[in-house]
1. Taking the alpha-carbon distance from LYS222 and a cut-off under 25 Å, which lysines remain once sequence neighbours fewer than 8 residues away in the same chain are dropped?
2. If neighbour count is taken as other Cβ atoms inside 10 Å, put ARG367, ARG62 in order from fewest to most.
3. Could you tell me how far the Cα centroid of segment 212-274 sits from the Cα centroid of segment 343-365, in Å?
4. Near the amide H of VAL101, under 5 Å away, which other amide H atoms are found, from residues 5 or more places off or on another chain, if H is placed in the peptide plane?
5. Output ³J(HN,Hα) for segment 283-297: one whole-Hz value per residue in order, computed from phi by the Karplus curve 6.51 cos²θ - 1.76 cosθ + 1.60 with θ = phi - 60°, and x for Gly and Pro.
6. Given the Cα atoms of segment 336-399, and with Rh set as the inverse mean 1/r over their pairs in the Kirkwood sense, what is Rg to Rh to two decimals?
7. Can you give the Rg to Rh ratio for segment 270-336, taking only C-alpha atoms and Rh from Kirkwood?
8. State the volume of the convex hull built on the alpha-carbon positions of segment 242-289, expressed per residue in Å³ and rounded to an integer.
Amino acid sequence: MIKRTIVVMMVVVLCAVVAQTSRLLASDSLPLAWGDPEIARDIMSGTANVLIIGDSLQSNQRPANMMYWTPDDFGGLTLATDMSGSTVGGVFSPWFYPAWVSSMTLRAPNDPAGPDGLTGVSPGVSIHWVFDDVQVPSDNGSILNNRFLSAYLSPYAANLHFGDAWTPQSNGDITVDSIIYTSPSGLPSGIVLEIWQGTNYYAPPLASIPVNAYSATPEIQKLSLVFAADQWDPQQELRVQFRMVPGTIPTEGSTFAALGTRFHASTGLSFTTVARGGKGVSYFLDQYNCTDDNLAGFLNATETNIAYIWLGANDPIDGWKESMEQLLDRYKAAKPDLRFLLISTYDLGKSKYPMMAEYLYEITSQRDDALFLNLFEVAGSYDFFLANNYLGDGVHQNAAGAAYLADLLWDLITDAGRQRDHGDFDFDGDVDADDIDLFCANFGNPMYDLDGDGDADQLDMDILVH
């Protein structure tokens with residue numbers, strides 16, 4: 001007992017010294033993971049709705065993460081309207097030009113206003129229609145006729161991009177959420193949203209609801225279709241579409257805007273993506289691209305609770321930390337319960353990348369709503385990536401590189417979710433002097449609580465050293 005007391009006293013004295021330092025670790029020894037472990041646990045358990053924010057590196061990584069991550073429950077996916085193919089397990093097909101459509105515009109957030117005059121609508125790409133006052137003809141009993149937007153989930157695409165993680169629901173319900181933008185020029189009636197399966201185009205839909213695209217004040221709305229899962233034959237594709245009711249005469253100049261569609265079960269990990277190639281932090285801060293009100297509407301409509309941010313390749317290092325802090329603050333103001341998963345870019349042979357990793361660590365250390373994963377440190381050097389042919393063009397990960405990174409990211413997530421409770425504060429796989437240093441520097445911080453009493457004190461130190 002005397003020996004034990006002496007050890008604890010020596011460590012407490014050490015804490016007093018370490019706590020006076022401005023750094024938790026040497027600049028070349030950042031932890032592999034840092035921050036709130038509950039973020040990792042929610043992803044692991046499948047209770048997270050994740051918004052993907054980033055550039056082309058993030059976009060390249062997304063399909064591999066969906067295939068190789070293994071949460072307890074995979075609940076569904078969100079189809080982003082910027083996808084030209086089945087990169088998230090489904091395909092959007094807005095390419096229908098019936099006589100009552102005056103214009104259809106696929107609009108990125110930073111594009112000039114289209115014929116409907118709308119800007120700042122969504123943090124992701126949106127599709128906009130302007131209608132003519134032409135009567136909608138008979139559909140001749142076919143569900144294919146008079147549609148102007150279709151999104152489908154094929155068994156092939158689901159298996160390709162989700163692998164064993166995508167399990168067709170054999171009980172309960174399946175929900176299809178479509179996010180639209182309503183406005184004073186929106187068409188108030190005559191549109192239906194419906195879901196059907198297979199290739200029998202004369203069969204009744206599994207579910208259908210009328211759509212009102214008018215609102216006195218512009219806003220984002222979520223429309224939901226729900227049907228019993230046992231109605232779906234998993235060997236058949238699911239198709240959701242917006243369609244005009246026969247006989248409708250749209251008001252000339254009336255509008256409609258779609259922001260995305262998501263197929264999902266009632267629980268499980270899901271993704272929404274607003275990543276955009278070639279962009280940096282300033283793109284996601286720009287009010288022209290998405291207003292604060294519409295950002296809040298989008299986050300709420302997608303039920304986002306974790307923003308997964310991987311940026312930096314297209315940014316200068318000067319002012320980057322401050323810009324990242326502004327980005328987190330903006331998204332936090334839009335959804336106060338939002339938390340953040342911050343990823344450092346793998347080594348691309350430039351000096352800014354280790355600096356950016358350090359900035360993300362510093363940002364996370366000042367917040368209680370973030371988790372930092374040090375991909376830069378764990379993924380290997382730039383020469384390692386080139387030697388293993390992980391980069392298709394010297395920058396962007398190819399399929400093999402994305403698979404390698406997906407495994408690393410999942411290992412970091414699971415380590416972050418499981419090891420903090422045992423005192424491995426730097427997530428290196430053991431409890432040693434480095435962890436004691438971290439504990440001392442964060443004495444009193446509830447994130448270092450080991451005995452469950454809500455703070456980090458001498459009782460926790462006793463557990464740590466014994």
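1. LYS332, LYS335
2. Ranking ARG367, ARG62 by Cβ neighbours within 10 Å, fewest first, gives ARG367, ARG62.
3. So the two Cα centres are separated by 39 Å.
4. Here the answer is ASP132, since their amide H atoms fall under 5 Å of that of VAL101.
5. With the stated coefficients, segment 283-297 comes to 4, 7, 8, 6, 5, 4, 6, 7, 5, 4, 4, 6, 4, 4, x Hz.
6. 1.07
7. 0.94
8. It comes to 179 Å³ per residue, whole-number rounded.
The numbers here are math on the coordinates, done by the rules we state, and not lab data. Because the structure is predicted, anything quoted here is derived from the model rather than measured. Cβ: placed from backbone, ideal geometry, glycine included. Neighbour counts: every protein chain shown.
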